[in-house]
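Just below is one structure, and these are the notes that go with it.
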Amino acid sequence: MNGKNKLIAPTEDARSLGVILDGQLSFSAHIANLTRPCRFLLYNIRRIRPFLSQEATQLLVQSLVISRLDYCNSLLAGLPLRAIRPLQLVQNAAARLIFNLPKFTHVTPLLRLKL
């Protein structure tokens, strides 16, 4: 396409309201761009975790990580489990961080408590 002497090339992804949409609506780029900063935030919170109470850690994780996971999550309904798995792994890591548990602890009971 040509508009005012500039060539407009089609793209594979488009961003709207912070959500990255692709042609197949697989949301793979969106999930990758969502989980990367969430994992980095969890890493940084884990570094200061020894100085925080459980309530303070929960507040930080909910405000910085869980809020990002919740934003526009209704768009992800109906996606296959393999697509949503990275988001579930971030949520599991967040629960382990809040309760200060090791990496391979089962988190289903934790998620049912207060998160």
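The values are calculated or read from the model by the stated rules, or taken from the named source; none is laboratory data. Keep in mind it's a predicted model, so treat the numbers as computed, not measured. Glycine also receives a Cβ, built like all others from the backbone with ideal geometry; neighbour counts cover every protein chain displayed. Accessible surface areas use protein heavy atoms only, side chains included; no ligands, DNA or RNA. Shrake-Rupley method; radii C 1.70, N 1.55, O 1.52, S 1.80 Å.
With a probe of 1.4 Å, find how much accessible area the chain has per residue, and write the answer as a whole number in Å². Before the final figure, lay out the partial values.
Numbers: 8250 Å² over 115 residues.
I get 72 Å² per residue for the chain.
Would you mind telling me the share, in percent, of accessible area of the chain contributed by carbon and sulfur at probe 1.4 angstrom? Working shown, then result.
On the way: 4910 of 8250 Å².
Result for the chain: 60 percent of the exposed heavy-atom area is carbon or sulfur.
Taking amide H positions as placed in the peptide plane 1.01 Å from N, state which residues far from Ile20 in sequence (5 or more) or on other chains have amide H under 5 Å from it.
Close amide H contacts, sequence-distant or interchain: His30.
Would you tally the net charge around Leu52, using a Cβ to Cβ cut-off of less than 15 Å, leaving Leu52 out, and scoring K and R as +1, D and E as -1?
On the way: positive: Arg46, Arg47, Arg49, Arg96; negative: Glu55.
Net local charge, Leu52 excluded: +3.
Can you list which of the trypsin sites (Lys or Arg not before Pro) found in the range 2-61 are DSSP loop residues with at most 14 other C-beta atoms within 10 Å? Don't skip to the answer; put the middle values down first.
Numbers: sites: Lys4, Lys6, Arg15, Arg39, Arg46, Arg47; in loops: Lys4.
Loop-located and lightly packed - Lys4.
Which entry in (i) 2, 11, 21, 25, 21, 13, 5, 2; (ii) 2, 10, 19, 19, 16, 11, 8, 6, 3, 2, 2, 1, 0; (iii) 2, 8, 5, 6, 5, 6, 6, 6, 6, 5, 6, 6, 5, 4, 4, 4, 3, 3, 3, 3, 3, 2, 1, 0, 0 is this structure's computed P(r) over Cα pairs in 5 Å bins from 0, in percent?
So the calculated entry is the one marked (ii).
Once ligands and nucleic acids are excluded and a 1.4 Å probe is used, how much of Glu55 is accessible, expressed in Å² to the nearest 10?
Probe radius 1.4 Å; accessible area of Glu55 about 130 Å².
Just to verify a number: FRET efficiency for Ile84 and Arg15, C-beta to C-beta distance, R0 = 22 Å, to 0.05? It would help to have the intermediate numbers written out before the result.
On the way: r = 20 Å, r/R0 = 0.92.
It comes to 0.65.
For the range 8-115, which chymotrypsin sites (Phe, Trp or Tyr not before Pro) are both in a DSSP coil and crowded by at most 13 other Cβ atoms within 10 Å?
Tyr71, Phe104
Could you check the simple spin-label distance between Ala32 and Arg112, using points 7 Å along Cα→Cβ, in nm with one decimal?
If labels sit at Ala32 and Arg112, their model points lie 3.6 nm apart.
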